[in-house]
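The values are calculated or read from the model by the stated rules, or taken from the named source; none is laboratory data. Bear in mind that the values here come from a model prediction, so they are computed numbers and not experimental data. In this analysis, Cβ positions are derived from the backbone assuming ideal geometry, glycine residues included, and neighbour counts consider all displayed protein chains. Note: areas computed on protein heavy atoms with side chains; ligands, DNA, RNA excluded. Shrake-Rupley method; radii C 1.70, N 1.55, O 1.52, S 1.80 Å.
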Amino acid sequence: MTEDKTIKVRKFHQAKWDEPVIFELDTKGERGIQVPRVEKEIQEQIGDGISTLPENMRRKEAPALPEVSQMRVLKHFLRLSQHCLGADLNVDIGQGTCTMKYSPKINEVLVRMPEAADIHPWQDESTVQGALEIIYKVDTFLREISGLDQFTFQPGGGSAAILAMASIVHAYFESKAETGRDEIITTIFSHPSDAAATAVKGFKIITLYQNEDGLPDVEALKKALSERTAGLFITNPEDTGIFNPRIDEFTKLVHEAGGFCGYDQANANGILGITRAREANFDMCFFNLHKTFSSPHGCGGPGLGALGVKKELRDYLPVPVVEYNGESYYVNDNLPYTIGKVRGFFGVFPAVLRAYAWIMSLGAEGLKEAAHVAVLNNNYVLKKIRELRGADAPYAEGRHRIEQVRYSWQKLMEETGVTTEDVICRMADFGFHLWTSHHPFVVPEPFSIEPTESYSKDELDEYIAGLAKVVEEAYEDPEKVKNAPYNSVIHKIDPSSLDDPDKWAITWRAYLKKHKT
Amino acid sequence: MNEKNKSVHPYIPNSVPEVKAKMMKDIGITDIEELYEDIPEHLRFKGKMNLPEALTSEYALKRHVEGVLLKNLSCKDHISFLGGGCWQHYVPAICDEINQRSEFLTAYAGEPYEDHGRFQSLFEYESLMAELLDMDVVNVPTYDWCQAAGTAIRMAGRITGRNEILVADTVSPERLAVIRNYCHPVMNIRLVKHCPQTGIMDLEDMETKTSSKTAGVYFENPSFLGFIEHQGELISEIAHKSGAISIVGVDPVSLGVIRPPSQYGVDIVCGDIQCLGVHMFFGGGLGGFIASRDEEKYVMEYPSRLFGITKTAVEGEYGFGDVAYERTSFAEREEGKEFVGTHAALWGITAAVYLSLMGPHGMKELNTVILQKSHYLMKQLSVISGVRAPYFKSSHFKEFVVDFNETGKTVKDINTYLRSKKIFGGKSLRSVFPELGESALYCVTEIHTKENLDSLIQAIREIVDSAGILDLREEGSTDD
C-alpha cells in the first residue's frame, strides 16, 4: 500500500448520446403519467370543475408541452445525467472554493424518509419534534464550531447568508438611528457575493486588494475606515488558501470604527476545530452546509448558508428560530428587531439533516481530522503542481496553504499560447473537471484546486497526472489542447449567439422563433 | 494521539497512517501542525468542541438519525390539508429517480462540456416552464417564490428607474416579509386594499396609490387566500398607464386550465416549483422561477443564470451556455444585477422531469381533478352548521379559507381534535389575517381521495356539533 502505484491517465470517453431536446421527442397521444381520477360521486355533484372558473380566466389553448411516454422520459433524463460528471464520478478537486467533498449516501437514505421528505413546515410543533430537534442540535453544534451564540438556517445559500448579514447590520444601525453608516468593506479574494449581495441592501462597497504577500493590506483597511463604516465582510483564508494572521487586527480596527465584522466561512473545511470566528472577534459568520458539511451541491442548489451571530445580534436574526425549553422543541417567531425573513419557512431542511448526520458520524475528533487531511492533501497537491512546467502558485512562496490554492497558467500561456480555458477543455477529455476562478482574474490565467479530505492519495496523483499530461501536450502540440475537447459530450461551443439579443435563445420556443423560421 | 490505534474514518481515506506519513514526508513536514504555521497561537481554539460522541458505524448512525426522525408524524401517514406555498402533490417515481442520480445530485459548476447534461436539462426546464407560462424567458431557479418575487420587484425598479411598489395586501405573509427585507431601503412598499367580500384587489385604492413613482404592482393568482383574481387585465392596464410594470406570482400547477398571467397583460411572472415533482421537505423543497418576455431591457435585469442553446464546432450538435453572463455578480461583483450563487438547480431539473411526464393533458386533468375535489370539500363543509367555505365570494382553485367564526370553536381546538383523527387541519389565519377571525387556510390536491375528504368532513362535524370543548388538547400544541 505504501508503495507508489503506477498512475495512468485514463483512456476516457464520456457518454455521448446525442440526445435531442425534449420537445423533439413529442409524439401526440403519448402519456408520461396518469393522474388520479375523480370519484364518480364527486363528478356527479360538482361537474367538470372548470366551469367554476370565470370565463376570462380559463386557458384557451393547452400549454404546448411535449407528449412523451414514460420510459422515454426516463431514458432522456438518464442520458442527460450521464452527460454530467458529479463528485461521485470524477476526482472533483478542480472546483476550488467549493469543497466538493463526499456526500455520504446514507444521508440520502435518511433525507428520503417520509418523516423528512413528507412533512409540512406548518404542522403543529408536537408533530415535528424530530425535525425541530435536528435544527436545534445543528445550531448547538455550529455554536461549538464557531464560538458564536445562535444560528439561523433560513438563508438558501451562502449569498443569501451574506444578504442576511447585510440586513442585520442595516437593521442594527437603523434601530440605533445611526443613519450615516452606509459602507461595507470586503476584499477582492472574498466571494463576489460579499460585495454583490451586500450592495442589494443599499450599501456602498469598498474592495481591498491584496498586497505582495497575497493578503489584504492593514494600511488600506485603515484608509477605508470612517464614520461611514458599517462593517467588514471577509473570508479567511481567502481563495488563495493563505490565512491572514492579522485578522484580529482587522476586526479590532473595524470595531473601533464602530462597524460589525462578518466572517464568510462558506468554506471552513481546513480550520474546523483549529480556529474560530470567536477567536478572531467576528460578530457573525456563516457556513455553507453544502460545502464543509457535506450536503450535495445538486447542480447548483438547494444549499444552505447557516448564519450565526453573537448574542448582541441575536434579536436581529430572521424568524423563525428553533428553541428548546428543556422538554420540547419550539418555534420562536418573536425576536424584537428581526429583519423578518430571507426565505420561506425554515430553510432547506434536507441540508440541515445531512449536516447533522455528517457531524454525528465524525464527532469533534473526526471534524478536526477532516480539516487536517484536507490541508495535508492541499499542500501535497500544491507541491506537485509547483513541479509542473508552466504552472505557478502566486504569493506566499515557500509557505504552506490551508485548504485550497489559486494557481496560474500565465507562464504556460506565454510559452505555449495555451490558456486556462484550453486546459479546462482538455482535462474534460480525461474525465476531469477544472475551474478558473471568480472574476476579476487578479491572478492571471487562474485555476483553483481544493482537494478536501475525501480523495485518496492515488486519486490526487491521478488528477495531477492528468494536468501533467495536458502540460506535456501544450509544449509539444499546443493546437491539440486548443481544439479540445474530443472525448467529452460535445465539441467546442460557438458562444457568439449567447450575448446577442437577436440570437440568444433562453427557451426552446425562443429558439424556434429566432432560428427556425 | 496514537495514529496506529485509531480506526480510519470511511470518509477520510488519507487518514491511513502510512499514507499520511508518506505525504508528509513528500512535502517535508513531520507534524500536520506545521501546515498551520500562519495561524498565530492567540487565534487558535484551545478547547475541545463539545460535540456528541461520533457514531462511526453507518448502522449506528442510521439507527440514531431514524430514531430522531421518527418523532415526526408525516403527511404520508396523516391526511394533511396544509398548503400556503408548500404543497403536497403526488411526486412521480421518476422525479425522485432522476434527482437522486449521482451525476445530477453531486455535480456543481462544471463546464458546458463535461456537465453538458446540467445545462441541457436546465435549458429544458426553462423551456417547459415557458410553455406553461406562455413567456419566452425563464431563469435557472432561484431560492424560492419569496426570492423570485423580491427580485421581480427589484427588476421592475431598475427597468422603470422608480422606487415604489404596490403589493396586494392579500399576498402570503411569508412572501411579504421576504419582500420587505429584500426591498428595504432601496424601494418602498405600499399595500393595496382588497374587497372584504371577494378578496380581489380594490382597484380604486390601487389607482389612488399609482403615480409616477410607481415601479410596479405585485399580486398573486390564485392568491394566498385561495381566491382567483379575475381583474388581471384591469390591474395591468392601470399599471401600464402610469409606466409601471405588472408582476404576478402564480401557482404553476394551476396553469393547466387557468389563463397564464402573460395573457392578461402581466410583464413579469414568478412563483414556486416545489409543486412540480418535489417533496415538501419541511419547506426545503422550494424553488423560485421568474419569467418575462424576450426583450433586452428585461433580460439584462435578471440576476440569475440564464442558460441558452447554441451550436458547436460539429454540425447538428447542440451546445449550451450562459446568456449575457456579464449581467451577473459572478462577472461584475457589486456592479452586477443583485447576486447569483447556489440556488435550487436540482429542483429545476426535477420540475423538467415532472412537466415532461405530465404533458398538456396531464396538466389539464390534474387541474380538473383538483378543482372538483376542492369544490366538493367546500360544498360539504358549508353544510355543517356554522361553517362557511369558501370565506371569499370568488372562484377558487386548490386552496380556500374555511370560516369557523360561527361555530363557537377556535381553529386551535378544531385542529387538536383533527390530529386525534390523524388529520392535519388547515393553517390558522388568526395571527396573519386577524380580520378573518377563526378561519383556516385549507389546501386540496389530487392526493386527497373522497374518503379522505369525507373523514375530514365527519371529524369537523363531530367537533363543531359537540357541546363544549372536547378535551383532547395536547401538550405543546401550537396552532393559534
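Matching residues to (1) within 11 Å of chain A (Cβ to nearest Cβ); (2) open to solvent by 10 Å² or more (accessible area, probe 1.4 Å); (3) farther than 28 Å from B:Asn367 by Cβ; (4) assigned to a loop (DSSP other than H, G, I, E, B):
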| position | (1), (2), (3), (4) |
| --- | --- |
| B:Val402 | no, no, no, no |
| B:Leu418 | yes, no, no, no |
| B:Glu435 | no, yes, yes, no |
| B:Ala440 | yes, no, no, no |
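Just one of (1) touching a Pro at 6+ places or on another chain (Cβ under 6 Å); (2) part of a loop (DSSP other than H, G, I, E, B); (3) under 30 Å from A:Lys516 (Cβ atoms) fails for A:Phe23. It is (2). Per the listing A:Thr240, A:Thr251, the residue uniquely touching a strand residue (DSSP E or B) at 6+ places or on another chain (Cβ under 9 Å), closer than 21 Å to A:Ser448 by Cβ, of a type in the set (Val, Ile, Thr) and touching a residue at least 24 places away in the same chain (Cβ under 8 Å) is A:Thr240.
When A:Leu253 is tested against (1) more than 12 Å from chain B (Cβ to nearest Cβ); (2) within 30 Å of A:Gly300 (Cβ to Cβ), exactly one condition is not met: (2). The criterion of at least 1 residues that are among the hydroxyl-bearing types (Ser, Thr, Tyr) is met by the following helices (runs of 4 or more DSSP H) wholly inside segment B:12-127: B:58-69, B:102-105. Checked against the criterion of being modelled with pLDDT under 95 and either out of contact with any strand residue (DSSP E or B) (no Cβ under 9 Å at 6 or more places or on another chain) or within 8 Å of chain A (Cβ to nearest Cβ) (or both), the candidates B:Glu365, B:Glu296, B:Glu317, B:Glu332 yield just one match: B:Glu332.
Among the residues of segment A:146-157, what is the count of those that are assigned to a helix (DSSP H, G or I) and either open to solvent by 10 Å² or more (accessible area, probe 1.4 Å) or not assigned by TED's automatic domain parsing to the domain that holds A:Gly273 (or both)? So the answer is 0. Out of curiosity, is A:Gly130 farther than 22 Å from B:Leu105 by Cα, outside any loop (DSSP other than H, G, I, E, B) and touching a residue at least 12 places away in the same chain (Cβ under 8 Å)? Taking the combined requirement at face value, the residue satisfies it. Of the residues making up segment A:160-206, those that are at the interface with chain B (Cβ under 9 Å from one of its Cβ atoms), in a helix (DSSP H, G or I) and within 30 Å of A:Val405 (Cα to Cα) number 12.
Inside segment B:336-360, residues that are surrounded by fewer than 24 Cβ atoms within 10 Å (Cβ to Cβ) and either more than 7 Å from every other protein chain (Cβ to nearest Cβ) or within 14 Å of A:Ile50 (Cα to Cα) (or both) make up a count of 1. If you take the residues in segment A:100-139 that are in contact with a Ser or Thr (Cβ under 6 Å, 6 or more places away or on another chain) and within 30 Å of A:Tyr463 (Cβ to Cβ), which one is farthest from the other protein chains (Cβ to nearest Cβ)? The extreme case among them is A:Lys101. The residue that is farthest from the other protein chains (Cβ to nearest Cβ), among those in segment B:368-397 that are of a type outside the set (D, E, K, R), out of contact with any helix residue (DSSP H, G or I) (no Cβ under 8 Å at 6 or more places or on another chain) and under 22 Å from B:Asp251 (Cβ atoms), is B:Phe392.
Residues that are open to solvent by 10 Å² or more (accessible area, probe 1.4 Å) and either touching a Phe, Trp or Tyr at 6+ places or on another chain (Cβ under 6 Å) or assigned to a loop (DSSP other than H, G, I, E, B) (or both) within segment B:128-148 comprise B:Asp134, B:Asp136, B:Val140, listed in sequence order.
Taking segment A:440-516 as the region of interest, the helices (runs of 4 or more DSSP H) fully inside it that hold 2 or more residues being closer than 28 Å to B:Ile12 by Cβ and open to solvent by 20 Å² or more (accessible area, probe 1.4 Å) are A:457-476. Taking segment B:183-277 and the strands (runs of 3 or more DSSP E) fully enclosed by it, the elements with 1 or more residues that are in contact with a Pro (Cβ under 6 Å, 6 or more places away or on another chain) and at pLDDT 95 or above are at B:245-250, B:268-272. One residue stands out among those in segment A:219-267 that are closer than 19 Å to B:Arg44 by Cα and of a type in the set (Asp, Glu): the one that is nearest to the chain's Cα centre (by Cα), which is A:Asp264.
Matching residues to (1) within 8 Å of chain A (Cβ to nearest Cβ); (2) under 18 Å from A:His372 (Cα atoms); (3) buried (at least 16 other Cβ atoms within 10 Å of the Cβ):
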residue: B:Pro10; (1), (2), (3): no, yes, no
residue: B:Glu18; (1), (2), (3): yes, yes, no
residue: B:Lys25; (1), (2), (3): no, yes, no
residue: B:Ile32; (1), (2), (3): yes, yes, yes
residue: B:Ser57; (1), (2), (3): no, no, no
